[in-house]
Ligand code: EPU
């Protein structure tokens with residue numbers, strides 16, 4: 001195991017290039033199960049989660065090759081219908097093979113992913129949506145055992161108590177592309193990753209209206225074809241570098257970041273006094289003055305993303321004054337609070353909110369990475385802090401940040417990997 005060692009207190013400067021989106025590419029890779037024809041996916045980030053999806057697709061019978069940032073998925077005979085616990089339990093994104101397998105094979109046994117450090121994370125909305133299309137489910141030995149003779153289009157409402165669900169929308173959408181008749185998904189997730197999936201499916205020949213909206217209308221087709229496709233840039237990676245630049249009072253050009261995907265973050269940063277400038281194919285971030293604390297509440301897109309909550313909290317932890325951070329997507333996603341407090345932050349959790357009393361300076365400390373985004377928050381805190389921070393269990397970061405240490409080194413960070 002490796003740890004990340006940071007000597008903080010230095011403003012980040014220079015340019016960083018954003019990779020393709022993890023949360024867009026995972027369902028897109030699952031969608032290749034819908035066709036026997038070859039699919040080429042470009043701008044695929046080299047991440048632990050992508051490697052897991054490659055292993056899963058291979059275990060389901062596909063031939064998958066990754067060269068640089070291009071992934072080619074081809075058929076090598078009939079598909080298998082069992083998605084193994086070992087692969088699904090390490091990454092919830094794997095659960096979105098359920099819809100495509102059901103649509104293509106009429107059966108699928110997919111391991112239940114279980115909860116994780118950020119919350120309980122049930123799959124009721126996935127099963128509700130696919131059930132409305134005619135699939136039957138049993139839970140056997142920790143697996144969802146499902147069957148459907150031929151999926152049939154219908155109208156289904158996918159809103160849950162915490163709003164729409166990204167991967168449930170992906171699962172139902174993918175299944176509906178090969179169902180008989182028309183499916184209307186009400187309260188569909190509007191995240192750019194779902195929009196990107198719609199574009200991928202349309203390029204495969206799927207008939208989808210309402211792309212990017214909360215109502216998706218899908219008219220089933222008999223067969224989908226192969227496709228060659230570019231994944232969108234990762235808005236969460238981009239947002240993380242934007243916050244890194246802000247927290248270290250740096251000057252960074254975030255190349256490839258899509259400004260339109262980051263409004264909720266940019267609006268808050270501007271309120272706080274950060275200069276966020278839209279450039280051609282990039283976002284420039286500069287801090288010239290003392291920042292003002294601002295609060296955020298996370299919501300499904302286009303609201304403030306839960307996947308940037310921990311990183312934003314790290315910024316507020318070093319912004320003197322009080323801010324309130326409220327989590328409306330995963331009410332328990334506050335594991336980073338205790339670790340940030342070990343670095344001298346003053347944050348108190350109150351139910352689904354955290355009250356941040358920003359301090360002038362954090363100090364380096366040994367801390368524990370727990371989940372991907374909480375760990376990104378610790379990296380921001382470590383780079384802003386005075387002294388040495390050690391982030392243990394850095395493999396969490398490798399799930400979602402391509403070449404993190406290399407990219408940070410290029411921005412002038414004092415950072416290295418060491419064996420535990
Ligand atoms: N929910 C239900 N029932 C369901 C599904 C979800 O109640 O059947 C609840 C969840 O427990 C949560 C809320 O609905 O409270 C939203 O969860 P959602 O289903 O949208 O999350 P997801 O699709 O499982 C994706 C991302 C997450 C990201 C969320 C929210 C992928 C692979 N994962 O998860 O990304 O936080 O959407 O935007 O796309 C990350 O990248 O670090 C990450 C956790």
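The values are calculated or read from the model by the stated rules, or taken from the named source; none is laboratory data. Being a predicted model, the structure only gives us computed values, none of them experimental. Cβ sites come from the backbone with ideal geometry, for glycine too, and all protein chains shown count toward neighbours.
Quick notes on this structure:
- Looking across 354, 338, 345, one residue alone is within 24 Å of the chain's Cα centre (by Cα), buried (at least 17 other Cβ atoms within 10 Å of the Cβ) and either modelled with pLDDT under 95 or away from the ligand (no atom under 16 Å from the Cβ) (or both). It is 354.
- Looking only at residues of region 17-40 that are crowded, with 24+ Cβ neighbours inside 10 Å and assigned to a strand (DSSP E or B), we find that the one that is farthest from the ligand (Cβ to nearest atom) is 39.
- Among the residues of region 155-173, those that are over 9 Å from residue 189 (Cα atoms), crowded, with 16+ Cβ neighbours inside 10 Å and more than 7 Å from the ligand (Cβ to nearest atom) comprise 156, 171, 172, 173.
- Sole residue being within 30 Å of residue 363 (Cα to Cα), more than 19 Å from the chain's Cα centre (by Cα), outside any loop (DSSP other than H, G, I, E, B) and away from the ligand (no atom under 16 Å from the Cβ), chosen from 73, 5: 5
- Single match in 208, 185 (criterion: in a strand (DSSP E or B), surrounded by fewer than 21 Cβ atoms within 10 Å (Cβ to Cβ) and not assigned by TED's automatic domain parsing to the domain that holds residue 292): 208
- As a summary of the residue check, residue 66 satisfies the conditions (1) in contact with a helix residue (DSSP H, G or I) (Cβ under 9 Å, 6 or more places away or on another chain); (2) surrounded by fewer than 17 Cβ atoms within 10 Å (Cβ to Cβ); (3) assigned to a loop (DSSP other than H, G, I, E, B) except for the one numbered (3).
- Qualifying residues in region 94-114 (those that are within 9 Å of the ligand (Cβ to nearest atom) and over 16 Å from residue 62 (Cβ atoms)) - the one surrounded by the most Cβ atoms within 10 Å (Cβ to Cβ): 95
- Residue pairs whose Cβ atoms lie under 8 Å apart, separated by 6 or more positions or on different chains, with the first residue in region 122-144 and over 11 Å from residue 172 (Cα atoms) and the second within 11 Å of the ligand (Cβ to nearest atom) and part of a strand (DSSP E or B), are 124/160.
- Search result, residues across region 84-93 that are in contact with a strand residue (DSSP E or B) (Cβ under 6 Å, 6 or more places away or on another chain) and surrounded by fewer than 24 Cβ atoms within 10 Å (Cβ to Cβ): 85
- Filtering region 277-302 to residues that are touching a helix residue (DSSP H, G or I) at 6+ places or on another chain (Cβ under 9 Å) and closer than 25 Å to residue 357 by Cβ leaves 285, 287, 291, 292, 293, 294, 295, 296, 298, 299.
- Exclusive hit being more than 15 Å from the ligand (Cβ to nearest atom), surrounded by fewer than 16 Cβ atoms within 10 Å (Cβ to Cβ), assigned to a helix (DSSP H, G or I) and not assigned by TED's automatic domain parsing to the domain that holds residue 44, set 278, 271: 271
- The residue that is farthest from the ligand (Cβ to nearest atom), among those in region 145-154 that are without any contact (Cβ under 8 Å) to a residue 40 or more places away in the chain and more than 25 Å from residue 121 (Cβ to Cβ), is 152.
- The set of residues from region 121-136 being near the ligand (Cβ under 6 Å from one of its atoms) and either closer than 22 Å to residue 327 by Cα or assigned to a loop (DSSP other than H, G, I, E, B) (or both) comprises 121, 122, 123, 124, 125.
- Any hit, region 253-260, residues being assigned to a loop (DSSP other than H, G, I, E, B) and either without any contact (Cβ under 8 Å) to a residue 24 or more places away in the chain or farther than 15 Å from residue 242 by Cα (or both): no
- Residue selection: residue 332 satisfies the criterion of being at pLDDT below 95 and either part of a strand (DSSP E or B) or within 16 Å of the ligand (Cβ to nearest atom) (or both).
- Taking each residue of region 164-187 that is under 11 Å from residue 220 (Cβ atoms) and looking for partners that are modelled with pLDDT under 95 and away from the ligand (no atom under 11 Å from the Cβ) with beta-carbon atoms closer than 7 Å, six or more apart or interchain, yields 180/150.
- Test: residue in region 382-391 that is under 23 Å from residue 50 (Cβ atoms) and buried (at least 17 other Cβ atoms within 10 Å of the Cβ): yes
- Lone qualifier among 196, 171, 109 - being in a strand (DSSP E or B) and within 30 Å of residue 40 (Cβ to Cβ): 109
- Criterion: in contact with a helix residue (DSSP H, G or I) (Cβ under 8 Å, 6 or more places away or on another chain) and either on the phi < 0 side of the Ramachandran plot or not assigned by TED's automatic domain parsing to the domain that holds residue 8 (or both) - qualifying residue of 385, 410, 345: 345
- Selection status of residue 178, under 13 Å from residue 99 (Cβ atoms), at pLDDT 95 or above and within 23 Å of the chain's Cα centre (by Cα): no
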